[in-house]
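Readers should treat all values here as calculations from the given coordinates under stated rules, not as data from a laboratory. All figures in this text were calculated on a predicted structure; none of them were measured in a lab. We place every Cβ from the backbone using ideal geometry, glycine too, and count neighbours over all the protein chains shown.
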Amino acid sequence: MRKILNKNNNKTGGFMMVEIIVAASIIVVSVLAVMSVAQKSIYVSRQALHISQAAFLLEEGAEAVRILRDNSWNNISSLVNATDYYPLFSGSWTLSTTPSVVGIFTRKVNVASVNRNESTEDIASSGINDAGTKLITITVSWTEAGVVVNKTLSFYIMDIFS
């Protein structure tokens, strides 16, 4: 009778070991899943922060160009098309050809000529060059997880004081 009790105890002990392994596995998988979700949410939060910061930098760049235009249209009309300019503030706004970085962000401004349709005077891809209007494109770029992210803002600016 002693042998029978020992066999039953061994079977119960072995089954209990399987239960412990299953429970431990469930706990480990749950902790890993929570950690994965936490890591992804931190990445998404950081990405959202960078996008909102880039939006502010784009708007600030647009305001800098408008201020330059308001000071003198020559500040805008003298810029060379398809050249990268970088807004700098040192008491007043200027555009420099020397790259500048704001934190992790690089912000640049490009200028393009604008053509107008001769009959309608609407902006067109071909026609007469309008010296009093320029297409401004501001780009903010940064590296996110090894990938370069670019956000752009394009707008027309006119010589409103002539």
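A few remarks follow.
- Ranking I128, L49, S78 by how far each Cα lies toward the positive end of the dipole of the chain (charges on Cβ) leaves L49 at the top.
- Between the residues M35, L68, M16, the greatest Cα displacement towards the positive end of the dipole of the stretch 1-153, with unit charges on the Cβ of Lys, Arg, Asp and Glu, is found for M16.
- The helix-only estimate of mean residue ellipticity at 222 nm for the chain, built from DSSP H runs of length n ≥ 4 each weighted as -39500 (n - 2.57), is -17000 deg cm²/dmol after division by the residue total.
- Local electrostatic count at V140 - Lys and Arg +1, Asp and Glu -1, tallied over other residues with Cβ under 11 Å: +1
- Close Lys pairs in the chain (alpha-carbon distance under 29 Å; sequence gap of 8 or more, or different chains): 5.
- Normalised by the number of residues in the chain, the average gap of Cα pairs under 8 Å and 6 or more apart makes the relative contact order 16 percent.
- Here is the list for the stretch 75-162: GluC sites (Glu not before Pro) lying in DSSP coil, each with at most 11 other C-beta atoms within 10 angstrom of its C-beta, are E118, E121.
- Net dipole in debye of the chain [+1 Lys, Arg Cβ; -1 Asp, Glu Cβ; about Cα centre; nearest 20]: 1720
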